[in-house]
Amino acid sequence: MPIIQGFSRLAREITGNKRDTSNSHSDTTTYNSSIRPDYSSGLAGVNLELDLKLSTWLVSSICAVLFVVLAMRAFHLFTAYTRQIHSMQSSSLEQNYWTYDRTWWLPWLKREFIYAPLGNKRHNREWQLSQAVNYGTLPGRAHTILLTLYVLSNIVYCTLLPYGKQEAAKTIAELRGRAGVLAVVNMIPLVLLAGRNNPLIKLLRISFDNFNLFHRWIGRIVILESIVHVCAWYANYSARHGVDKSLNSFSGNIFLTSGLVAVLGMIFLLFQSLSALRHAFYETFLHGHQIMAFVVLGGVYIHLDVEKLPALPYMNMVVGGWIVERILRLVWILWLNIGYKRRETTKVIIEALPGEACRVTFQLPRHTIIRPGSHVYAYLPKFSWWMSHPFSVAWTNPESEPPTGPLVADRDENSEGSSLLNKETLDHAIVEEGLVSAALKSPNYLEREADYSSLITKRKIPPTSLSLICAARTGMTRKIYEAAMQAPARTIFTSGFIEGAYAGHDNLASYGTVVMFAGGAGITHHLVQIRHLLACAHARTVATRKIVLVWSVRDLEALSWVAPWMDEILKMPGRREMLTMHLFVTKARGPADYVSPSRSIELKGARCQPGVILDKVLRRAPSEGGRVGACFVSVCGPGALADEVRKAVRERIWVGALEMNEESFTW
Ligand SMILES: Cc1cc2nc3c(=O)[nH]c(=O)nc-3n(C[C@H](O)[C@H](O)[C@H](O)COP(=O)(O)OP(=O)(O)OC[C@H]3O[C@@H](n4cnc5c(N)ncnc54)[C@H](O)[C@@H]3O)c2cc1C
Ligand SMILES: NC(=O)c1ccc[n+]([C@@H]2O[C@H](COP(=O)([O-])OP(=O)(O)OC[C@H]3O[C@@H](n4cnc5c(N)ncnc54)[C@H](OP(=O)(O)O)[C@@H]3O)[C@@H](O)[C@H]2O)c1
């Protein structure tokens, strides 16, 4: 209110009306209306032509940035494709050409812009006051530059007014129109970027996490512009009609009431989505956010529709986009989870695992392809009603993987997998718990792959089965863990749905070397990627010749989360030559050091140092077990680990052609 009153006073002063309008508003009304046009309603004083021009500039600047990113992505994909075609049948040495970036500017751009945190190192490590209060993360350098430019352009567009060249009330009316139109135009990217099905994710291969950051900032801009819009209206209205009449003007006026409801809703959203509140009560936040977003969109729509204002077409796009996205999601969920012939629905098995986690297996009634590195949204109505939670797909039946090429069924019988699993410490974690594992009972990868070929020829592809590892936090994940712990054999059979799979757009096929860092439950992002790369490498359809998996866990129990799948991976042909694993156990209760006979699996009771690992890979020749061709570094896990990996990659960006992806989760 003080801001509004300040605005009102300012307006009265500039309109020359120095009298106290709150006491004698009727006099003021007569006084003002007799000599001046009413700039407080309709389009009087609004510079529609310039508003339209600036809106076009705003949209064009967004399109220009998207075009630049698209061009960079096209260049990147073209290089990757050429590299893959050249390298997939080549030996390690023949990939030498790709070991270095051939330009000076590309590594510079990656180091200083694309992968750079805002300052030195901190990016995805959360700002925390305590373990419970999370203030969010710091945007990267590229994000900050783009966001700053975006905020500045909005400020410039809003303040581009003919100061002193016309009556002040008219200028304020122009500001009202400008801020209102820009707020509505900004709602287009706001709603588009909030959607899981935002087409830009696929087109630009940029993660939802990045778009979510822009969604949050554009949301703040929309709210500020809407507040400016209301204040500018109030300044002119109260100057002309008096304060009392201004406050009463809403009753029975659908145009004003709908606008007011929308702005109040926005202010609620602004405070409700503060990072600390959002993270502490995420599901409450999400419910409140969605309901209030619906109210806001409805309010703005009615506000524009009642007076058929020129911004209405923009609003139609916003509402249309929102409805289409919701319908697409619903149709996709129904299609995926309900079989059309026998009306089967998705079955779910939840198994409690040692180390406070669950393996959740979804048996779908249909077949769908799940790209390696994807995530799905899991719906478990018995535990969380209609809420959905994102989880990386940790494992699928191989029939649901994209084609790898013909496989030669020469399983590595001398695999070190069994030795890793039979190690005393792990025996305790895995065998003594005596858990029923659907995956353990299922036939192994190669046997299923052989079946698959025959099924394809018979056109009978089995339905998709996918598994998630859900580490128990405090909400739904804790509920399912506790329920499974109480159930017979620590296993629950229930029903549920999945939505997705989303993302999985990292194509690792063109890199001779792939280094994967995982922290805790972050291992789920990498498992299917490793299986897919090993299978493709064996079929000679990818450039990858070397995979290094670095997995840091707090205790040994966590290794049992993925033991059956790791065992399958370790038995895959070519695994010994390609895959080395470094396991770090940071809070081991006993000695945790172990090295396999071929030294391809190492277990250490220490914290992982990404720089040391990267040096081992990057600074050695292929013959000494070092890097082959171009190198891709991927990280999924706690923000602090991701920051450490980012720093290590940036410090070594000149050592060779090096690219990275961080599977982050900051929303
Ligand atoms: C792409 C992606 C993949 C993920 N993969 C895995 C995985 O493989 N294994 C794993 O253990 N965890 C994974 N997570 C994290 C997982 O989604 C959360 O741990 C889980 O949703 C927490 O649920 P909860 O109710 O127990 O959370 P709470 O304990 O209530 O909240 C903990 C935090 O989880 C997040 N969260 C809570 N509910 C939701 C929701 N409905 N949607 C989105 N985020 C939410 C919030 O940031 C919240 O602060 C992934 C997250 C993302 C974004
Ligand atoms: N697709 C996705 O986006 C996706 C998928 C799965 C999981 N996740 C996210 O990944 C995170 C995993 O959390 P978690 O609780 O399972 O992991 P965690 O137990 O907190 O940490 C796992 C390991 O990482 C180590 N670590 C942390 N910071 C490090 C650093 N700076 N340098 C070296 N090692 C470090 C820890 O060592 P210390 O014990 O020494 O700290 C620990 O051994 C969650 O935030 C989850 O949401 C995301």
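The values are calculated or read from the model by the stated rules, or taken from the named source; none is laboratory data. Note that the structure is a prediction, hence the values are computed from the model and not measured. Counting neighbours? That spans all protein chains shown, and the Cβs are built from the backbone with ideal geometry, glycine included. Accessible surface is based on the protein model in full, side chains and every heavy atom, while ligands, DNA and RNA are left aside. Shrake-Rupley method; radii C 1.70, N 1.55, O 1.52, S 1.80 Å.
Some observations on this one:
- Of all accessible heavy-atom area on the chain, the percent that carbon and sulfur account for (1.4 Å): 63
- Pairs exceeding a 32 Å alpha-carbon distance, out of Lys587/Lys616; Lys382/Lys546; Lys202/Lys479; Lys202/Lys647; Lys53/Lys110: Lys382/Lys546; Lys202/Lys479; Lys53/Lys110.
- Relative to the dominant Cα principal axis of the chain, helix 48-87 is inclined by about 10°.
- Peptides 119-127, 370-378, 509-517 ordered by packing proxy, namely the average of other Cβ atoms within 10 Å per residue, highest first: 509-517, 370-378, 119-127.
- Rounded to the nearest 10 Å², the accessible area of Leu203 at probe 1.4 Å: 100
- Extension gain, Arg326 to Trp108, is 74.4 nm, computed as 0.36 nm per intervening residue step minus the present C-alpha separation.
- Selection from Gly520, Ala558, Ile547 lying farthest towards where the dipole of segment 497-603 points positive, charges on Cβ: Ile547
- Calculated over the chain: convex hull of Cα atoms, volume per residue (Å³): 177
- Considering only Cα atoms, the convex hull volume of segment 41-143 works out to 243 Å³ per residue.
- Rounded accessible area of Ile327 (nearest 10 Å², 1.4 Å probe): 100
- Rg/Rh ratio calculated on Cα atoms of segment 563-667 (Kirkwood radius): 0.97
- Over segment 613-666, the alpha carbon radius of gyration divided by the compact-protein estimate 2.2 N^0.38 Å works out to 1.17.
- The orientation-averaged shadow of the Cα convex hull for segment 233-392, equal to a quarter of the hull surface, comes to 14.9 nm².
- Order of exposure, largest accessible area first, which applies to Glu351, Glu283, Glu482 with probe 1.4 Å: Glu482, Glu283, Glu351
- Of the whole protein surface, Thr368 contributes about 20 Å² of accessible area at a 1.4 Å probe radius.
- In this structure the chain gives 46 Å² per residue of accessible area when probed at 1.4 Å with all protein chains present.
- For segment 457-514, convex hull of alpha carbons as volume per residue, Å³: 219
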